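Notes to accompany the following structure.
No lab work stands behind these numbers, since they all come straight from the coordinates. The model shown is predicted, which means the values in this text are computed figures rather than measured ones. Neighbour counts are summed over all protein chains in view; Cβ atoms, including those assigned to glycine, are modelled from backbone coordinates with ideal geometry.
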Amino acid sequence: MELLHSMKSEGHEPDVVTYSILIDGLCKNGEIERAVELLLSMKSEGHEPDVVTCNILIDSLCTNVEIEKSSASSGMGVGGECMETFLELQRKKTHRYVVFKIDEKKKEVVVEKAGGAAESYEDFLASLPENDCRYAIYDFDFVTEENFQKSKIFFIAWSP
C-alpha cells in the first residue's frame, strides 16, 4: 500500500473512489485478503464503502472456481448457508428474497434475512437497512403477454 501511504504523506486524503481502485487492483492480483484488510481500514478511517466497492469484493469472491478454495486462501469467504438458502429460493421456492451482508468479524458473506414465500416486495424493501450496503436476491413472479406464469431472480446491490 505504498501508493496510499505516499498520498497521505503528501496531504492527499484518499476517498471512496481511491480505495475502490486499490481494492480492485488487489483483487485482480489475487490478493483478496489484503483487499479485505484495506476495506476494514477504509471503514475505520470513516469512509463507507459504496456499491462499487462492495461489488468489486463480491465479484472477486464469486468468480473463484471453487468457493471452498476461495474461503481457505483469501481470508474472506461465503457462509455455508448462502448457497443453501439461494438453492431453496431457486428450486424449492421457500423464500421470496434473501438479503446478504458482509460479516466483518467472520470475514465472510452471510445470510442476514430470508423472506418467506408469501412475503411481498414491500416486505423485502422494509428488510433493507436505511444506511448500510447489502446484497439481495429477489424472486419476482409475473405473467407474460401469452398468459404464462414466469419467475425471474434478480440480484440487487443495495447502496442507500
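Could you tell me which residue out of 7, 100, 27 lies farthest along the dipole of the chain toward its positive end? Charges go on the beta carbon: Lys and Arg +1, Asp and Glu -1, centred on the Cα centre.
The one lying farthest along the dipole's positive direction is 100.
Quick one: putting +1 on the C-beta of Lys and Arg, -1 on the C-beta of Asp and Glu, what dipole do you get for the chain around its Cα centre, in Debye to the nearest 20?
My answer is approximately 440 debye.
Do you know the relative contact order of the stretch 120-160, to the nearest whole percent, from alpha carbon pairs under 8 angstrom that are 6+ apart?
Relative contact order for the stretch 120-160 comes out at 43 percent.
Remind me, relative contact order of the chain in percent, using alpha carbon pairs under 8 angstrom and six or more residues apart?
16 percent
In percent, how large is the relative contact order of the stretch 79-158, given Cα pairs closer than 8 Å and 6 or more residues apart?
26 percent
In whole Å, how far is the Cα centre of the stretch 94-112 from that of the stretch 13-29?
23 Å
Compute the signed sum of charges (Lys and Arg +1, Asp and Glu -1) over the other residues within less than 14 Å, Cβ to Cβ, of residue 34.
Once positives and negatives cancel, what remains is -3.
Can you find, among 157, 144, 111, the residue sitting farthest towards the positive end of the charge dipole of the stretch 79-158, where Lys and Arg contribute +1 and Asp and Glu -1 at Cβ?
111
What translational diffusion coefficient, to the nearest whole µm²/s, does the stretch 92-138 have by Stokes-Einstein, given a Kirkwood radius computed over alpha-carbon pairs, a temperature of 25 °C and 0.890 mPa s viscosity?
It comes out at roughly 219 µm²/s.
Could you work out the Rg to Rh ratio of the stretch 79-158, with Rh taken as the Kirkwood radius (inverse of the mean 1/r over all Cα pairs)?
When Rh is taken as the Kirkwood radius, the ratio is 1.01.
In sequence order, what are the phi-derived ³J(HN,Hα) couplings for the stretch 39-49 according to the Karplus relation 6.51 cos²θ - 1.76 cosθ + 1.60 with θ = phi - 60°, rounded to whole Hz, with x for glycine and proline?
Per residue, the Karplus-derived 3J(HN,Hα) values read 4, 5, 5, 4, 5, 5, 8, x, 9, 7, x Hz.
Which net charge results when you count Lys and Arg as +1 and Asp and Glu as -1 among the other residues whose beta-carbon is under 12 Å from that of residue 84?
With Lys, Arg at +1 and Asp, Glu at -1, the net is 0.
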